[in-house]
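Asks: Sharing a structure, written as structure tokens. Questions coming.
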Ligand code: TXA
Ligand code: MG
């Protein structure tokens, strides 16, 4: 465990640091240091065609990351979105500047950027003085980490540099699922659902916003990979009546399995602990996790549906 001053020095020296954000823990390096960024791919076992999000602590960091022409043309849109949602769980896909190494963006000409809403993440980036490229802190294909205990068990011995938030001991990060990824290089399109919903974005922009399902390819490159999967098999039951479905499923699978019910009004709270639940089930040696999810207009319904569906594949 390290403090934020040490962590920022490690980033400056080309090292890798695990740090908390409001969504999930990230594993980060200096965005402009190719060798440092490559270490992240190695540690995670991440396919190199899956680009990383660059985390910034101030708007002044944007011009180094965004193509100048694009920035001029889209300034109004970018400003509206940043003012409304940053710091917070929205990653913006924009045209990248030449300064951003190809390893970060998996050779795409776009880059995803966000300003996390967590004091330690912001202080880390500020002290390091550079944007920090960071995917979620988990071995590729596994659930993201949202608690210190999960970070430690995922990376024990592999990454000594872990920055922890003492106020989060035994608790999950505030949001619990990864940021919304919004591509604004074309008609605004949500590539990954998160805490910021398409309709919130639509309200701010005053235009239609597509969601991945309606949009055409290409989607977020990362979306094609196996994701969020615990060792236990995840079974998703979508329902209008959580309680009666629960009784049905217990008699079908047996009470010894890991059951997770998400009823009306619970979507946000249970999104926060979803990955912690997945990992607890594994720790308890469960072979099945049965998630009974209430179909709902709740803004967290779609992100939950997305994560659980893909965890179940
Ligand atoms: O909440 C989060 O977003 C967390 C915290 C640490 O910030 N990060 C995170 O990173 O979830 P990661 O790497 O696990 O997921 C990033 C997603 C992937 O699906 C990736 O394909 C997509 O964002 N992405 C990144 N750059 C992109 C780009 N230029 N175009 C389209 N999708 C991109
Ligand atoms: Mg991830």
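Asks: Could you work out how far apart the two model spin labels at residue 99 and residue 60 are, taking each label as a point 7 Å from the Cα in the direction of the beta carbon, and quote it in nm?
Replies: Output for this residue pair reads 1.2 nm.
Asks: When the chain is fully extended, how far beyond the present Cα-Cα distance does residue 200 get from residue 174, taking 0.36 nm per residue of separation?
Replies: Here the answer is 7.4 nm.
Asks: With the Cα gyration tensor of region 1-99 giving a ≥ b ≥ c as the square roots of its eigenvalues, does the rule (a/c under 1.5 for rounded; else a/b larger than b/c for prolate; else oblate) give rounded, prolate or oblate?
Replies: Working: a/c = 1.88, a/b = 1.54, b/c = 1.22.
Judged from the Cα gyration tensor, region 1-99 comes out prolate (a/c at least 1.5, a/b above b/c).
Asks: Modelled label-to-label distance, residue 126 and residue 233, 7 Å Cα→beta-carbon offset: nm?
Replies: Using points 7 Å along Cα→Cβ, the separation is 5.0 nm.
Asks: I need the shape label for region 134-283. Rule: rounded when a/c is under 1.5, else prolate if a/b > b/c, else oblate, with a, b, c from the alpha carbon gyration tensor.
Replies: Oblate shape, in that a/c is at least 1.5 and b/c is the bigger or equal ratio.
Asks: Run the simple label-point estimate for residue 139 and residue 256 please: 7 Å along Cα→C-beta, distance reported in nm.
Replies: Simple spin-label model gives 2.6 nm for this pair.
Asks: Any chance you could check the Cα centroid distance between region 33-54 and region 259-278 for me, in angstrom?
Replies: For region 33-54 versus region 259-278, the Cα centre distance is 30 Å.
Asks: Tell me the angle of helix 68-85 to the major Cα principal axis of the chain, expressed in degrees between 0 and 90 and rounded to the nearest ten.
Replies: Approximately 40 degrees, to the nearest ten.
Asks: Which value at 222 nm does the chain reach when only helices count, each DSSP H run of 4 or more adding -39,500 (n - 2.57), with the total divided by all residues and rounded to the nearest 500 deg cm²/dmol?
Replies: For the chain, the value works out to -10000 deg cm²/dmol.
Asks: Here's another thing I want to ask about it. How high is the relative contact order of the chain? Use alpha-carbon pairs under 8 Å, at least six apart in sequence, and give a whole percent.
Replies: Computed over the chain, the figure is 21 percent.
Asks: Taking Cα atoms, how many degrees apart are the long axis of helix 242-253 and the longest axis of the chain, rounded to 10 and kept between 0 and 90?
Replies: 70 degrees
Asks: Another question, if that's okay. Determine, from the Cβ-Cβ distance of residue 77 and residue 156 and an R0 of 45 Å, the FRET efficiency 1/(1 + (r/R0)^6), rounded to the nearest 0.05.
Replies: Using R0 = 45 Å, I get an efficiency of 0.55.
Asks: For region 228-258 and region 163-212, what is the centre-to-centre distance using only Cα atoms, to the nearest Å?
Replies: With region 228-258 and region 163-212 each reduced to a Cα centre, they are spaced 27 Å.
Asks: Compute the FRET efficiency between residue 288 and residue 186 as 1/(1 + (r/R0)^6), taking r as their Cβ-Cβ distance and R0 = 51 Å, and round to the nearest 0.05.
Replies: 0.80
Asks: Roughly how far apart, in whole Å, are the Cα centres of region 57-118 and region 140-157?
Replies: 27 Å
Asks: To the nearest 10 degrees, how steep is helix 274-283 against the longest Cα principal axis of the chain, on a 0 to 90 scale?
Replies: Approximately 60 degrees, to the nearest 10.
Where a number appears in this text, it was derived from the coordinates with a stated rule and is not lab data. Quantities reported herein were computed from a predicted structural model and do not represent experimental measurements. Every residue, glycine as well, gets a Cβ built from its backbone with ideal geometry; the counts of neighbours run over all protein chains shown.
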